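Remarks on the structure that follows.
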Amino acid sequence: MSSSPPRREGHRSPFIALEGIEGCGKSTQIARLAEHLDRNGRAYRITREPGGTPFGDALRDLLLRPEGEPLDGLTELFLLEAARRRHVREVIVPALIAGSIVIADRYADSSVAYQAGGRGLSTELVEQLNDLATDGLMPDLTLLLDLPADVGLARVAGRDRARDRMERERIDFHRRVRAAYLELARRRGEERYRVIDARRDIEVVTDEVLAAVAPLLKGRDA
Ligand SMILES: Nc1ncnc2c1ncn2[C@@H]1O[C@H](COP(=O)(O)OP(=O)(O)O)[C@@H](O)[C@H]1O
Ligand SMILES: [Mg+2]
């Protein structure tokens, strides 16, 4: 078996996703990864889900605003998949084709963790819709910043912005989300998924993030 990560034909640059529960440090680590890429003169595009396009950002607002009406898991999933489809077609694929490294703050596996693990929809159903929405495009590498739910929520509480609808879910919800992520990591295997212990200091986590992405960045022109 080849040691290089699987790639879709025509996409020359790496596609990296960061996943994990609220407060695990995705935004923090993406900013630090971006600094590293800047220092090395690499072209990259940072994007996020839900959102990533004006259409997706409007759906993000519907999904996350705390005063919004309660949504069942399937309604959430349909909104997320609609936003995801636009995100893939308008942002991710064009950036990859243009030669930029794409770094996604959440992607399709967030739906496996939140709408299947958290809300109780079938994992198979979520993966089928993910596959349709993304045309089968999966990240070359996913970094799962793993953290107990109580630690993540305590960090979120310390952040100076109002908590969104997901962040306001009960601790059990976040425990199920974490468990679903760990199960995904086990299922996808180490080549595609790296579990990083996100309880440690920010700098220590960054070292591990950079070590994990280094093989993907090697041997490519700036
Ligand atoms: N390794 C860490 N140790 C302690 N605090 C952290 C760590 N990583 C991030 N934080 C803090 O925790 C909060 C949540 O981090 P953030 O990057 O916003 O998480 P996410 O984007 O995954 O929700 C922020 O206030 C951030 O400064
Ligand atoms: Mg964030």
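Numbers for the structure displayed
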read-out: Sequence-distant residues sharing a close amide H with Y193 (under 5 Å, placed H); value: T142
read-out: Between segment 153-221 and segment 44-113, the alpha-carbon center distance in angstrom; value: 17 Å
read-out: Value at 222 nm in deg cm²/dmol, rounded to 500, when DSSP H runs of n ≥ 4 in the chain each add -39,500 (n - 2.57); value: -14500 deg cm²/dmol
read-out: Proportion of all alpha-carbon pairs of segment 15-217 beyond 30 Å (%); value: 15 percent
read-out: Among 155-166, 78-89, 125-136, the order from most to least packed when residues are scored by Cβ within 10 Å on average; value: 78-89, 125-136, 155-166
read-out: Built amide H within the under 5 Å cut-off of S13, gap 5+; value: G99
read-out: Rounded to whole Hz, the Karplus (6.51, -1.76, 1.60) HN-Hα couplings of segment 89-102, x for glycine and proline; value: 6, 8, 10, 5, 4, x, 5, 5, 5, 6, x, 8, 6, 9
read-out: Phi-based couplings in Hz for segment 201-217 (Karplus 6.51, -1.76, 1.60; Gly and Pro marked x); value: 4, 3, 5, 5, 5, 4, 4, 6, 4, 5, 5, 5, 8, 3, x, 6, 8
read-out: Under-5 Å amide H pairs with R48, H placed in peptide plane, nonlocal only; value: D105
read-out: Most fluctuating residue given options T53, T206, T75, as computed from a GNM of the chain linking Cα atoms under 10 Å; value: T75
read-out: Mean separation of Cα contacts under 8 Å (6+ apart) over length of the chain, as relative contact order %; value: 32 percent
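Bear in mind that the values in this text are calculations on the coordinates, not laboratory data. For clarity, every value in this text was computed on a predicted model and none was experimentally measured. Counting neighbours? That spans all protein chains shown, and the Cβs are built from the backbone with ideal geometry, glycine included.
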